[in-house]
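The values are calculated or read from the model by the stated rules, or taken from the named source; none is laboratory data. All values derive from a computational prediction rather than experimental measurement. Reconstructed Cβ throughout: ideal geometry from the backbone, glycine too, with neighbour counts over all protein chains shown.
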């Protein structure tokens, strides 16, 4: 039975406005933040539909972000994230790699539930495979329509 939801941030909850951009969002954010008057919302957009689903579930399921680096720490994103997420965990700050099952063992220990009680959502197959290896339930993010249907079915909402 799912008791906790853990979501990736980049390319699940945050997307580049430039749909042709294929690089990392953290590296783009670091580069752009060197500009005067940088506003992340000029270059990135939050997945408001998925945030809405998470917001509707947060009273029943603790919801966490597990991400690679630190783009989610930008002050501009905080009003959208703080009301929904119980905690934000960064692989970089935890000195781990999301492609390793051990990373998800750390997450499980931090949250304090069994791996099979966690639903983990990510857009990268290697991260999904590592999470599965650690015993988590997983969904590979492809688009909102598919994910929202999968989450609702898994949670029976």
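None of 102, 146, 126, 76 is modelled with pLDDT of 95 or more and closer than 19 Å to residue 45 by Cα except 76. Restricting 6, 12 to residues that are surrounded by 18 or more Cβ atoms within 10 Å (Cβ to Cβ) and assigned to a loop (DSSP other than H, G, I, E, B) narrows the list to 12.
If the condition is being loosely packed, with under 15 Cβ neighbours inside 10 Å and under 27 Å from residue 130 (Cβ atoms), then the stretch 74-85 contributes no residue at all. So for the stretch 95-115 (the condition being surrounded by 17 or more Cβ atoms within 10 Å (Cβ to Cβ) and within 18 Å of residue 50 (Cβ to Cβ)), does at least one residue qualify? No, the conditions are met nowhere in the stretch 95-115.
Please indicate, with yes or no, whether at least one residue in the stretch 28-41 is surrounded by 15 or more Cβ atoms within 10 Å (Cβ to Cβ), in contact (Cβ under 8 Å) with a residue 12 or more places away in the chain and in a loop (DSSP other than H, G, I, E, B). No, because not a single residue in the stretch 28-41 is surrounded by 15 or more Cβ atoms within 10 Å (Cβ to Cβ), in contact (Cβ under 8 Å) with a residue 12 or more places away in the chain and in a loop (DSSP other than H, G, I, E, B).
Exactly one residue among 60, 55, 17, 35 is at pLDDT below 95, more than 20 Å from residue 103 (Cα to Cα) and more than 13 Å from the chain's Cα centre (by Cα), and that residue is 35. State whether the residues of the stretch 80-89 include one that is touching a residue at least 12 places away in the same chain (Cβ under 8 Å), over 23 Å from residue 150 (Cβ atoms) and outside any strand (DSSP E or B). Yes, there is a match, as at least one residue in the stretch 80-89 is touching a residue at least 12 places away in the same chain (Cβ under 8 Å), over 23 Å from residue 150 (Cβ atoms) and outside any strand (DSSP E or B).
Exactly one residue out of 119, 51 is over 19 Å from residue 27 (Cβ atoms), buried (at least 17 other Cβ atoms within 10 Å of the Cβ) and free of Cβ contacts under 8 Å to residues at least 40 places away in the same chain, and it is 51.
How many residues, within the stretch 63-73, are assigned to a loop (DSSP other than H, G, I, E, B), surrounded by fewer than 19 Cβ atoms within 10 Å (Cβ to Cβ) and at pLDDT 95 or above?
Filtering the stretch 63-73 down to residues assigned to a loop (DSSP other than H, G, I, E, B) leaves 68-70.
Checking the rest, the ones that are also surrounded by fewer than 19 Cβ atoms within 10 Å (Cβ to Cβ) come to 69-70.
The next check asks that each one be at pLDDT 95 or above; those that pass are 69.
So the count comes out to 1.
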